[in-house]
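To start, the structure itself, in C-alpha cells.
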Amino acid sequence: MSAGQLALVIDDEPQIRRLLKITLETNDYRVYEAQTGQDGLSQFAVVRPDIIVLDLGLPDMDGIDVLKSIREWNKTPVIVLSVRNADTQKIAALDAGADDYLTKPFSVGELLARLRVAQRHTQPQSDSAVFQDGRLTVDLLRRQVLVEGQPVKLTHTEYALLKLLIQHAGQALTHRQILREVWGPQYVYETHYLRVYVAQLRQKLEANPTRPKLLLTEPGVGYRLVYDEP
Amino acid sequence: MDSEQRPDSGALLVATQKEEARQHRGKLKIFFGMVAGVGKTYAMLESARQRLADGVNVVIGYVETHHRTESEGLIEGLTIIPRKKVEYRGITLEEMDIDAVLARHPQLVLVDELAHSNAPGSRHPKRYQDVLELLDAGIDVWTTINVQHLQSRADAVRQITGITIHETVPDSVFDTADEIELIDLAPEELLKRLEEGKVYLPDQADLAAKNFFRKGNLTALREMSLRLTAERVDHQLQDYMQVKQISGPWKSVERLMVAVSPSPLSERLVRWTRRMSYSLEADWIAVYVEPPNPLSPEAQARLSHNLSLARELGGEVLMTSDNDIVKAILRVARQRNVTQIVVGKPSRSLWQALLAGRSPVNRLIQNSGDIDVYVVTGDKTESAQRRSLPQPIIHSGIGEYLIALAVVCLVLLLGVALDPIIGYRTVAVALLFTVMLLAIFLGRGPVLFAGGLSALLWDFLFIPPHFTLLISTFEDVSLFAMYFVTALVTGILTGRFRLQEKAARRREANAEALYTLANETTQATTMDALLSTAINKIGHIFDAEVGIILAGPSGDLFREPYPASTLTVTEKELSVANWAFENGKPAGRFTNTLPTATAQYIPMLTPGGTVGVIGVHTRQPDRLAMDQEIFLQTFVSQIGLVIEHELLHKKAEQTAVLEESERLYATLFDSISHELKTPLATIAGATSGLLDDQINSNPAARQAMGENLQEATERLNRLVDNLLDMSRLESGQLKLNLEWCDVSDLINICLNRVEKPLAAHVVITDIAANLPLIRIDFVLMEQVLVNLLHNAAFYTPPGTHIRLQAKTDGTDLLLIVADRGPGLPPDSVNRVFDKFYRAPGAAAGGTGLGLSICRGLVTAHHGTLIAENRAHGGARFTIRLALAKEIPQAPQELRT
C-alpha cells in the first residue's frame, strides 16, 4: 500500500537516519532526510511527503515547534521519536497533533505498524460503520457491541469511550484527549474516571481482563485500541 | 649506669626545641656593651660590610650614627630602608618602617638601639617588639644594647649609679639571642673618647650623663656586662653539651616559684627569682593567690604590672584563688614540683603581728616540708607604700544604716517596756541577738554601727544609774565590755564573711557564664547561631561591643566582621586584627601592640591554628581587672575551640562525601564498564557475523545473530535506563507524575515488559479483587516492579516459581515479588539495597544499581521496600504504599 510513498525523516542522528532510510526503502518508501528542524520544514514544503518521522530532540529547534508548523499547513501524518522518561514530551506531541509516537530504541516492526495506522487514518474513511477486530464487533450506526457474537451492554460513557478509541484504532490517545472528547473540556485532569471506565470496559470486552489484549495502556501517556488490519 | 649521668630528658627536650625553633626563625645577634660610646654601632656596621662583601643581602632598618664621620663612612654602600615619619603632637619623629622591612624581606637587617621606645601610634610601643616580629618573619637581625637596659639589671644599675632606667628590654629577648658580641672598652679609654667628643650624648642629659660616666660607675657596669656575657657562654656550653650528649655535671632539676602580690615589693621578688633561676638554670613560676576581697584599681594595676614583668622575664604566670594564701601557695608548689619558694619578708609592725597572729611566712616555712623557702626583703620606701594600700571594703548605702538605727531603736523601746519584767541584763542579750540578726542582712559598717549604738544606749538607758554612761558594778562593767567586743567581732566577721561570699559569687558567676557559654554554643547547630551567641554573651558579660572576624578558607582574615557583630571595624582596626591573627597575640587597646586602637583584638588560638579574631571594645574606659581579662581570654579560646570543632566537623563531612563519591565513582566505572563491555562484545560479534557471507546466507544463523543483537541491546537499554533513573534520584530532580492508577493495569504492563526474561519461569499473579485506585507515578512504579521481576528471573533457576501478589491490608497497598531461588545472603539482606552491592557469588551481570533504584523510587512515593528470605527458601520483596484516605469515584450513570 505504501508503494512510491514519500517519507521525510527529520533527525539529527546519522545512524538513526540510516536505519530509518534502509527500513523505509525496503518497504517501498522514497525517503528524504533532514538534519535540522529548519531543513525539515523547508523540505516538507518542497517534497510534500506522505508521512513524516520527526525526532523531538533536534539541535536547532524544539521538535514540538516543528510539528506545530507542519500542522499549520496540513494533516500529513507525523510519527514522533522520543526517549523514555520523556512522557510529558510525548503527550505534548500527541496533543499538538502528532499521529503517534515511538520510544527509542524501537523495533522496525513497531515503526512500520505505526506508519500504517497513521496513514490509514488520513485516507478517506471507508463508509463501513462496523468495526471488526478479533472477538469484538461494534456497529457504530446501531450502537451495537458484540463480543464473540454475544451482545454486551455498555453504559453511555463506556460506549462513548469505546467509540472514540475505535475511531482512532491503532493510535495512542492521551488521557487529556480522551477526557476532553468523552467527558468534556473541564474534566481533562480527572484521570481516575478513565481508570475506572477502562477497567469496566476491559471487564466487558476482554477475555482476560487482567491481561488485556485489546485495550492497552500506554504508560504515562494514555490508551491505545489495538487494531490488526484486516 | 649512674642515674646522675643521664641527660635530663626535659632539659634535652627544651634544648632541642630551642634548636628547632631557631631553624625557622631569623637569627638575632646582639652587639652588647656596658654603656653608650663603646663602639657597638661601629662594630655592627663593620661586620655588616663584611657580610655584604660575602654576598649577604644586608639592609639598614634603623641606624643612628649621630653624624659621626667614622660610622657614616661605614654606612655608604649599605641599603637603607627609608624611615617612617610619625607625627606626634606637632613633632615629626622618625622610626624604623617595619612594614617596609618585612616587605623587602632581606636576609639581614640592622636595627640599632634595641631598648628604644617607639613613637606613640606605632605598631609596637617598643623597638624590641619590632625586632621579635622581624625574627618571626625569618629575617636575621643585628642590634645593639647596653647592659643598663636589661630589665633584670635595671635595679642594680639604679643602685650603683642612682639613675633610674626607663627604657628596658626583657631578659627573655636577650636570652633568645643566638649570638652576643661584647664590645668591651677600658673605662679610661672611654673617658678619653668622651673628652675628645667622640661619644654622642643627648643634649638634655649633660649633667646626669656626666655623673653617669664616672670611672667607678663604668667599672661596675663593665663588670656587670662581662659577667653577663660569661654566664651566657656557660649556658650555651651546657645547652650544647646536652644536645650532643656530652656527659657533664648535670644539675638536679630545680623549679622556683615566687609568690606575687600587688605590692611594689613583688617586683623586686620577681627580679630576684629570675636571677636566681638563671644561675640555677631552673624554670620559674610566678603565682598570684587571689584573695576573697576584690582589689582596688590601683592595686589591680600594680598586680598586672608585676605579673607581666614576671612573664616578660620568662616566668610562667599562674593564678589561683584561696582564702588561705599559704595553703594555696603550697598546693600550687606541690602540683608543679616546685623545689624552692620565694616570698617577701613581711614588714609588719608588732601591733599588726599581734592582731593577725602567726604570720603567713612562718606558717609557710612550717608546712613547706622538703621545699626550700627563701624570704627576701624589700626596701623601706617600698614597704611604706605598701601600708598606704587602701583596705578594700564594701560600701553600704545610707539605707542600711537607717535600717540598723530603726531596728535597734525598736528593740530598745521593747526593752524599756519589758525591763521591769525581764530585767536589763536580758535586754542586753536581746540586743546582742538583734545585732547578730542584723549581721546576716547588713554590711559591716551598719552592723558595727548597730553594735556600738546599742551598747551605748543600753548603758545609758538600762544600766544603773540610769541616763548616765556611768556603770556602778563590776559585773555590769564586764558585761558591757563583753557586749561591746561581741558586737564588734560580729560586725568584723560579717564583713569578712560577706566579702568572701561576694568573691565566691563572682567566681561562681564566671563559672556559670562559662558553663552557659559552653552549653549554648554546643547547642547552636549552625555557625550563625554559634557566633551570634558568642557575640551576645561577651557583649553582655563584659559590657562591650564585640566583633568576630573569622579566617577565610584561604587562611587570611575576612575583610569584614561577622554580620552579627556589634563592633564596627574600620580599615585601620582591621589591620590591628590582622596583626593579632598573624602573630597569635592579642593586639590593640590595653596591649603592647598598637595600643591606640579602639578595641582589643584577641586571636582565637586552637590546636589546629588560629580560626579568627574577636574584637572587644569595653564601654568602661579602664582596663579589665586581671581576673576578668583572663576570664575573657578563656572565653575567647573556648569560642575558638567550638568554632574549630564546627569547622572540622564540616570538613570531615565534606571529606566523607568526597570519599563516598570517589568510592562510588570507582565502583561505577568498574561495574559499568563490565556491563557495557558484555553487550557491546555481543553486538560486535553478531554484526560481524551478519556481515559474513557464510552466516548471512544461512537463515537460521542469521536469525540467531539477530536475536543475540536484540538481547544485547535490551541489556544495554536497561543499563542506560537504570543509570538515568539513578542520576535523577541522586540529583534530587526526580519529579513524580502522580496520577490515579489501576493496580492490575500496572501489573499487566510490567508482565508484558518482562515476558521474555520470565519465559523460563512459572509466573503466578495473585491480584486481590476490587483493589482501590492508587495515586502513584505509573511509569516509575512500573520501573520498580520490572526491576524486581527481572531480578527474580535473573537470580533464580529456570523452572522455579515467581509469585507476584497485589493486596491491601486496609491502609496500605502491598505489592510482593517472591521467588523460590537461593534467597539473599542472610547476613546482608539489607545490603542488597546499597548502591553497587552485589551479593557474594552472584551470577555475572548486573550493576548492583537496580534494587538501590527501586528503594529510591519507592521512598520517593513515601512507601517502603523491604527484602527478606522466605521460610521455605527464596527471596521476597515487599513494596508497601499508603492508600489514599479518600479514593475518588467516577460519576455513576445508567446503562444505555
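The values are calculated or read from the model by the stated rules, or taken from the named source; none is laboratory data. All figures in this text were calculated on a predicted structure; none of them were measured in a lab. Quick reminder, even Gly has a Cβ in these numbers, built from the backbone with ideal geometry, and neighbours come from all protein chains shown. Each accessible area value is taken on the protein alone, full model and side chains, heavy atoms only, with ligands, DNA and RNA left out. Shrake-Rupley method; radii C 1.70, N 1.55, O 1.52, S 1.80 Å.
Residues in the stretch A:141-162 that are outside any loop (DSSP other than H, G, I, E, B) and of a type in the set (Val, Ile, Thr): A:Val145, A:Val147, A:Thr155, A:Thr157. Taking (1) under 20 Å from the mean Cα position of the chain (by Cα); (2) within 11 Å of another protein chain (Cβ to nearest Cβ) in turn, A:Thr210 satisfies each apart from (1). Within the stretch B:849-859, no residue satisfies the criterion of being within 14 Å of chain A (Cβ to nearest Cβ) and open to solvent by 30 Å² or more (accessible area, probe 1.4 Å). Among the conditions (1) under 30 Å from B:Pro446 (Cβ atoms); (2) in contact with a helix residue (DSSP H, G or I) (Cβ under 7 Å, 6 or more places away or on another chain), the only one that B:Ala524 does not satisfy is (1). Among the residues of the stretch B:740-785, those that are without any contact (Cβ under 8 Å) to a residue 60 or more places away in the chain and over 15 Å from B:Ala806 (Cβ atoms) comprise B:Asn752, B:Arg753, B:Val754, B:Glu755, B:Lys756, B:Pro757, B:Leu758, B:Ala759, B:Ala760, B:His761, B:Val762, B:Val779. In the stretch A:177-223, which residues are more than 24 Å from A:Val145 (Cα to Cα) and of a type in the set (Val, Ile, Thr)? Hits for the stretch A:177-223 are A:Val188, A:Thr191, A:Val221.
Note on the stretch A:218-230: residues that are open to solvent by 10 Å² or more (accessible area, probe 1.4 Å) and either modelled with pLDDT under 85 or β-branched (Val, Ile, Thr) (or both) amount to 5.
Within the stretch B:737-757, the residues that satisfy the criterion of being more than 10 Å from every other protein chain (Cβ to nearest Cβ) and either of a type in the set (Ser, Thr, Tyr) or touching a helix residue (DSSP H, G or I) at 6+ places or on another chain (Cβ under 6 Å) (or both) are B:Val754, B:Pro757.
Keeping to the stretch B:860-896, report how many residues are among the hydrophobic types (A, V, I, L, M, F, W, C), surrounded by fewer than 11 Cβ atoms within 10 Å (Cβ to Cβ) and within 14 Å of chain A (Cβ to nearest Cβ). Final tally of qualifying residues: 1. Only one of the numbered conditions (1) part of a strand (DSSP E or B); (2) touching a residue at least 40 places away in the same chain (Cβ under 8 Å) is not met by A:Thr137, and that is (2).
Condition check ((1) farther than 25 Å from B:Pro891 by Cα; (2) out of contact with any helix residue (DSSP H, G or I) (no Cβ under 9 Å at 6 or more places or on another chain)) across all residues:
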| residue | (1), (2) |
| --- | --- |
| A:Val130 | yes, yes |
| A:Thr137 | yes, yes |
| A:Gln150 | yes, yes |
| A:Lys153 | no, no |
| A:Ile166 | no, yes |
| A:Gly170 | yes, no |
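Results for (1) hydroxyl-bearing (Ser, Thr, Tyr); (2) in contact with a Lys or Arg (Cβ under 9 Å, 6 or more places away or on another chain); (3) more than 17 Å from B:Glu545 (Cα to Cα); (4) not in a loop (DSSP other than H, G, I, E, B), shown as yes or no for each residue.
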{"site": "B:Trp579", "(1), (2), (3), (4)": "no, yes, yes, yes"}
{"site": "B:Thr598", "(1), (2), (3), (4)": "yes, yes, no, no"}
{"site": "B:Val613", "(1), (2), (3), (4)": "no, no, no, yes"}
{"site": "B:Phe635", "(1), (2), (3), (4)": "no, yes, no, yes"}
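Among the residues making up the stretch A:185-204, a single one is more than 10 Å from every other protein chain (Cβ to nearest Cβ) and open to solvent by less than 10 Å² (accessible area, probe 1.4 Å): A:Leu201. Scanning the stretch A:34-74 for residues that are in a strand (DSSP E or B) and over 23 Å from A:Arg120 (Cα atoms) yields A:Ala34, A:Gly57, A:Asp62. Note on the stretch B:118-173: residues that are part of a helix (DSSP H, G or I), within 34 Å of the chain's Cα centre (by Cα) and of a type in the set (Ser, Thr, Tyr) amount to 3.
One residue is enough: does the stretch B:709-730 have a residue meeting the conditions surrounded by fewer than 18 Cβ atoms within 10 Å (Cβ to Cβ) and part of a loop (DSSP other than H, G, I, E, B)? No, because not a single residue in the stretch B:709-730 is surrounded by fewer than 18 Cβ atoms within 10 Å (Cβ to Cβ) and part of a loop (DSSP other than H, G, I, E, B). Listed conditions (1) surrounded by fewer than 19 Cβ atoms within 10 Å (Cβ to Cβ); (2) touching a Lys or Arg at 6+ places or on another chain (Cβ under 9 Å); (3) not acidic (Asp, Glu) are all met by A:Gly109, apart from (2). One residue alone among B:Gly216, B:Gly162, B:Gly138 is modelled with pLDDT under 85 and at positive phi, and that residue is B:Gly162. Of everything listed in (1) open to solvent by 30 Å² or more (accessible area, probe 1.4 Å); (2) at the interface with another protein chain (Cβ under 10 Å from one of its Cβ atoms); (3) under 60 Å from the mean Cα position of the chain (by Cα), the single unmet condition for B:Val779 is (1). Of all residues in the stretch B:688-708, those that are open to solvent by 70 Å² or more (accessible area, probe 1.4 Å) and either acidic (Asp, Glu) or under 60 Å from the mean Cα position of the chain (by Cα) (or both) total 2. Within the stretch B:475-484, the set of residues being of a type in the set (A, V, I, L, M, F, W, C) and either over 12 Å from B:Val435 (Cα atoms) or open to solvent by less than 50 Å² (accessible area, probe 1.4 Å) (or both) comprises B:Val477, B:Leu479, B:Phe480, B:Ala481, B:Met482. Do we have any residue at all in the stretch A:59-78 that's in contact with an Asp or Glu (Cβ under 8 Å, 6 or more places away or on another chain) and within 14 Å of chain B (Cβ to nearest Cβ)? Scanning the stretch A:59-78, I find no residue that is in contact with an Asp or Glu (Cβ under 8 Å, 6 or more places away or on another chain) and within 14 Å of chain B (Cβ to nearest Cβ), so the answer is no. If you go through the stretch B:580-608 and keep only what is among the aromatic types (Phe, Trp, Tyr), open to solvent by less than 20 Å² (accessible area, probe 1.4 Å) and more than 19 Å from B:Gln628 (Cβ to Cβ), you end up with nothing.
Answer yes or no as to whether A:Arg195 is in a helix (DSSP H, G or I), charged (D, E, K, R) and closer than 18 Å to A:Ile91 by Cα. The answer is yes for A:Arg195. Filtering the stretch B:464-493 to residues that are farther than 17 Å from B:Leu442 by Cα and among the β-branched types (Val, Ile, Thr) leaves B:Thr468, B:Ile471, B:Thr473, B:Val477, B:Val485.
Every residue, every condition in (1) among the β-branched types (Val, Ile, Thr); (2) within 27 Å of the chain's Cα centre (by Cα); (3) more than 21 Å from B:Pro360 (Cα to Cα); (4) exposed (fewer than 15 other Cβ atoms within 10 Å of the Cβ), yes or no:
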| position | (1), (2), (3), (4) |
| --- | --- |
| B:Ala282 | no, no, yes, no |
| B:Ala301 | no, yes, yes, no |
| B:Asn306 | no, yes, no, no |
| B:Met319 | no, yes, no, no |
| B:Asp322 | no, yes, no, no |
| B:Val332 | yes, yes, no, no |
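Scanning the stretch A:153-184 for residues that are more than 19 Å from the chain's Cα centre (by Cα) and within 11 Å of chain B (Cβ to nearest Cβ), we see that the one that is farthest from A:Ala92 (Cα to Cα) is A:Lys153.
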